[in-house]
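Take a look at the structure set out below.
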Amino acid sequence: MGNESIQSIQYYPNLEESFYWLDNRSSVSGYAAFSAVALIVFAFASYNHVTKLLTLLSTIKYCSTLFHLVSISIDELNFLSGLTQETTRFGTINFLNLFIYIAAVLVPKVYFPYPNTEAMIRGLSELIFFTNVYVGFFCFISQHRHYRDLLNAIDSFVDVVYPTATHPSDSPSEQILIKFNVKIQKLSVAFCWYIAVTATFYWLAPCLMTYRSIYMASVCVENGSAQSIQYYPNLEESFYWLDNRSSVYGYATFSIVALLVFTVASYNNATKLLTILTTIKYCNTLLQLVIIEVDNLNHVSSNAIDRELKQVIQLHQRAVRCVALLNQTLSFVMTVQLALCILTWCFTLLYILTVGLDVTGMNGLLIMFNMTLEMFGYCFFCTELATTGTLIARQSYEFQWEEHDPKIQKMISTIVARSQLPLRITACGFITVNVELFAKL
């Protein structure tokens, strides 16, 4: 017994404070209890920070840009998601996202082993989800030229509708746009909160389960018994040569990496989805303005009908061009979304059927629900866009064209003929994205 020595335990506090009357500096149980409190503090602080970041950068900035119709610069909308005229900033944002995706997600999940089949299924499901977020964001940003052309086309549409600053503020067209902007802002804020909550839950739930296991093991050690620590990974992967499956230090380090991945992924997902859905809805609103202008033709005097009808034709032509540019911008993004959404459903259901519904299965269902919700949003908004396009032809039929001369009738026929062309968003250029497609999936 002569070489035996007693070494005191040195405690490193998460937060430098004495927590009321809790002995968090010299007791394992006290330190563990205080660590739980510190974890909650850090979790809420991270949650508040991420929420503020997403709200400011992905919502307020974007929704304020939507008030372009009341004198706002088109460059502000380009700022979102890195769609600026500065090529260096565009490249930096794109390649920073790709670096995080490849280094922290793709390589560890593909080139490093999994402990069992269940972990491999979950890891591949997460890989598909993050591929949809990061690669989908990259595909959208890579179409920045088409998107800039779309913004310029919207700008030209606005110049026709509002050629001067003396346009009456109580016009039906402007009221529709203002209500639309307010609604989009509220929905965007709600969606950012949803993304922040789900991402925090997905990251925090495994940490809490692991901490509980560590705490129970420490209590068993104090009572003279032994209990192994079970680690619940934030992401199902072996992170290079870091021991994140059996080491507290390795697990804590990997949790920080996972937090970075979740933060950037949340920002990318919110930015991509809000930008795409709002742009689709914006093009739909432009078509609604055309319908209003066609309806107003019945109240125009015969002396001004020629001028007003030419303006309606011009607006309709520019609105159709906006939809065509939107289709070019989103075609590849929709292809990636459609393919990866199907794969996510397959892997998640395979895991649940193989293992059962546990904590990991719940996280898989959360991934599947998010991707399904995103896919349904695209399909629903695209269906609404196509339906509004067909309403222009119906509204043109209701115009009292028989009371006008052949020149006016020919101009009306031009609007009707152009309205017969389907306005749709496609994946791969031939798969129409609509609610019918979602139902078939």
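The values are calculated or read from the model by the stated rules, or taken from the named source; none is laboratory data. From a predicted model like this one, the values you see are computed outputs, not experimental measurements. Cβ atoms come from the backbone with ideal geometry, glycine included; neighbour counts cover every protein chain shown.
The figures follow:
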| read-out | value |
| --- | --- |
| Search result, residues across segment 398-441 that are out of contact with any Ser or Thr (no Cβ under 8 Å at 6 or more places or on another chain) and polar (S, T, N, Q) | 400, 409, 413, 414, 420 |
| Single match in 262, 239, 254 (criterion: free of Cβ contacts under 8 Å to residues at least 40 places away in the same chain and hydrophobic (A, V, I, L, M, F, W, C)) | 254 |
| Qualifying position, being without any contact (Cβ under 8 Å) to a residue 60 or more places away in the chain and surrounded by fewer than 16 Cβ atoms within 10 Å (Cβ to Cβ), among 421, 441, 373 | 373 |
| For residue 400: the one exception among (1) modelled with pLDDT under 75; (2) buried (at least 16 other Cβ atoms within 10 Å of the Cβ); (3) among the polar types (S, T, N, Q) | (2) |
| Segments classed as helices (runs of 4 or more DSSP H), wholly inside segment 91-204, with at least 3 members that are polar (S, T, N, Q) and at pLDDT below 85 | 117-142 |
| Set 357, 366, 391: member being touching a helix residue (DSSP H, G or I) at 6+ places or on another chain (Cβ under 9 Å) and under 27 Å from residue 270 (Cβ atoms) | 366 |
| Within segment 214-231, considering residues that are closer than 11 Å to residue 248 by Cα and either part of a loop (DSSP other than H, G, I, E, B) or without any contact (Cβ under 8 Å) to a residue 40 or more places away in the chain (or both), the one farthest from the chain's Cα centre (by Cα) | 229 |
| Matching option when the condition is at negative phi and not in a helix (DSSP H, G or I), among 273, 242 | 242 |
| Qualifying residues in segment 292-314 (those that are in contact (Cβ under 8 Å) with a residue 24 or more places away in the chain and more than 16 Å from residue 400 (Cβ to Cβ)) - the one farthest from the chain's Cα centre (by Cα) | 310 |
| Neighbours by Cβ (under 6 Å, 6+ apart or cross-chain): first from segment 179-191, under 13 Å from residue 270 (Cβ atoms) and touching a residue at least 60 places away in the same chain (Cβ under 8 Å); second buried (at least 17 other Cβ atoms within 10 Å of the Cβ) and among the hydroxyl-bearing types (Ser, Thr, Tyr) | 188/59; 189/59 |
| In segment 349-394, residue farthest from the chain's Cα centre (by Cα) [restricted to those that are at pLDDT below 80, part of a helix (DSSP H, G or I) and not aliphatic (A, V, I, L, M)] | 354 |
| Qualifying residue in segment 357-367 (condition: within 18 Å of residue 136 (Cβ to Cβ) and either touching a His at 6+ places or on another chain (Cβ under 6 Å) or buried (at least 21 other Cβ atoms within 10 Å of the Cβ) (or both)) | yes |
| Residue 238, sole failed condition from (1) modelled with pLDDT under 85; (2) in contact with a helix residue (DSSP H, G or I) (Cβ under 8 Å, 6 or more places away or on another chain); (3) not aliphatic (A, V, I, L, M) | (1) |
| Odd one out for residue 329 among (1) closer than 23 Å to residue 159 by Cα; (2) over 30 Å from the mean Cα position of the chain (by Cα); (3) among the polar types (S, T, N, Q) | (2) |
